[in-house]
1. So ALA144 clears everything in (1) more than 15 Å from GLU67 (Cα to Cα); (2) at pLDDT 90 or above; (3) touching a Ser or Thr at 6+ places or on another chain (Cβ under 6 Å) except one condition, right? Which one?
2. Can you tell which of LYS91, LYS50, LYS39 is at pLDDT 90 or above and among the basic types (Lys, Arg)?
Amino acid sequence: MLSSDDIPSPRITIGDEENAVVKEVKHLEEEVEEKIFGKTKGNIITLDGKIIWRNTDGYLSAEFRPEMKFFLTFSIYYTIMCIVWVVLYIKYKDQITVLNRSLMVILSLGFGECWISYMYYLDFDTSAEHSDGLYWMTIIMNVAREAVARVLVI
């Protein structure tokens, strides 16, 4: 069975063939680590800093990218539904009931919730920071929409 001592270490040649300097990769790695990290105590390396990761499309993770598209699509659907509802509301304004007004409020709140959620994800995708204001506005719109919908059911 081979051990790590039996395997020859790779070598790097620096310079031309006449004045070649050959160093083992292991020693070169130690020099680089010492320049980057400084002298380490034992096997513990302490790093300070901030890690920033970015996908090819932005800072939003792949898990939430479909949700961003979902909220954009549904905000467009809610816009179309609100326009149709307003046109019908104006056409039949003498026959409007409380139910019709409540449904208009629900459609408007649904649009607001989807649009603000989309803006929240878009803001995070471009700046890599979560906006507390947009987050709380989304929650408030969601709670208000669900409350009005429950009142209609009762």
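The values are calculated or read from the model by the stated rules, or taken from the named source; none is laboratory data. Since this is a predicted model, take the numbers as computed values, not measurements. Cβ: placed from backbone, ideal geometry, glycine included. Neighbour counts: every protein chain shown.
1. (3)
2. LYS91
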